[in-house]
Amino acid sequence: MLGYLAHPGPQQLKMIFSFRAIRFLAFVMTALLPMSVEARTVTVEFALDPPKSKLEQKIFLDRARLTAQVQMLELYFADVSFALSIVRDPHQGRLESILRNGYYKSSDVTGFENIKRKKINNKWHFVFSGNIPDDPPQISDNDLVEKIQQLVKTQSSLITPEFAIELSLAYPDLNLYASAMKLWRVNYLGHSYAMFPGQNSLSPKNFEFSGRALRAEGIPTELSGIFSLLDEAPFNPYICQTLLPALATKKLPALADALYPNCVVLEKISFYLGRIKIEPKKRNMTRMPSVDMLDGAINEFDNLKATNTLDNDTWLTHLIINSFGTVPASFELGEQNLATESSEIILESLEFEDESKTILQIEKLEEIELSEAFQSFEQAPTITAMRELSDMLNEAGYPVISEIFKLQASNSKRKK
């Protein structure tokens, strides 16, 4: 017998190895299992008004369960502060609510059950019980920063794109801007994004409705509606007249300050004439031309319209003049047109005409040439066309508007 045990055969060796394997597996499984968390059972009681519609009736019990879970989580997080140290009013309270709800959504109540449900005095009374961890949660400032970054990055429904941009602009150290802009562009699919810092310039064709005058009563009052309108008409100052007060009401000052310069960039003349109101305290946030330049532009603009040299179809030209050459668009460079000799031939043919009649005819020809040049520019707006138009305007006696087109050519970003 001793000899048998001292020299085990193949069958005995197989059994020994099997036992060892089982013991090793048991050890590994024990190590991989999460450590048990001490829990305590809590009970919550509350009353709800009965459902008033079929839809409310369908979700009534879900509403009761959600109310119970929230109350249990409030007990669990009772001693936790969700106030982020670098955040100040008017953002602190709203951010605390978002962070609190974010932690609630990522926490679980175990052993959750409805103990009692009874209708008393036309109200439904509920009693629920559940288990929450016994140890209070430990949440640091860094944890809160990571949480708000995660909520914005995952495009959580807990935070609106407007408030995400507001936080990113007001507190750059939170490092939210890139994620907030992605959230913005998921919710607003048009061109309003271009009004924010660091975004790519738009094509000139995206500004077709940007200078269109809109009545206040036709503009939505809710932020989502206003920004949806700006998607179609970015930089439109008439929309901004409704937007800026709405941002103040919603206590989004960083968003208002970031948008303000781009709200007034397209309409220097209308502001000067009082067609669009501008708050005096904000004037230092935008550069306005001198009074002499404004008066000169208005006189020349009126003359171009009076002589039918400029019509209402040339919306981009109107935009460039009203903005004093600051339309924030990317233009193609374009090819230079060959100079024609038509003017010289006409002048020679008028050599023996009456001098006053000749001058009138020359002026009329200049108006026709300018009108055609404006139309040509509208069809193919390029930097080269702006420069050529600037030269023609200067020669025709429109020095201020000539300078405006020269400024636009200088300010324009080349389209790659």
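None of the figures in this text is laboratory data; all of them are computed from the coordinates on show. Keep in mind that this is a model prediction, so the values were computed, not measured. Virtual Cβ from ideal backbone geometry, glycine too; neighbours counted across all protein chains shown.
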Of Lys182/Lys250; Lys58/Lys118; Lys268/Lys305, which ones are farther than 20 Å apart at the Cα?
-> Lys182/Lys250
Counting other Cβ atoms within 10 Å of each Cβ, which chymotrypsin sites (Phe, Trp or Tyr not before Pro) in segment 106-178 have at most 16 and sit in a DSSP loop?
-> none
Fully extended, how many nm does the chain gain between Asp135 and Asn303 (0.36 nm per residue separation, minus their Cα-Cα distance)?
-> 52.5 nm
Which distance in nm do the two modelled labels at Glu378 and Asn175 give, with both placed 7 Å along the Cα-to-Cβ direction?
-> 5.0 nm
When ranked by the protection proxy of mean other Cβ atoms within 10 Å per residue, highest first, what sequence do the peptides 239-246, 391-398 form?
-> 239-246, 391-398
The answer for Glu332, listing residues at least 5 apart or on another chain whose modeled amide H is closer than 5 Å to its amide H, is Ile383, Lys415
Between Leu189 and Asp313, what length comes free when the chain is fully extended (0.36 nm per residue of separation minus the Cα-Cα distance, one decimal in nm)?
-> 41.9 nm
For the pair Asp108 and Arg215, the simple spin-label estimate (label points 7 Å beyond Cα toward Cβ) gives in nm 5.8 nm
Once segment 141-233 is represented by equal point scatterers at the alpha-carbon sites, with solvent omitted, what log10 I(q)/I(0) does the Debye formula produce at q = 0.17 Å⁻¹?
-> -0.78
Report, by chain and number, residues whose modeled amide H sits under 5 Å from the one on Phe46, excluding near sequence neighbours (fewer than 5 apart, same chain).
-> Phe126
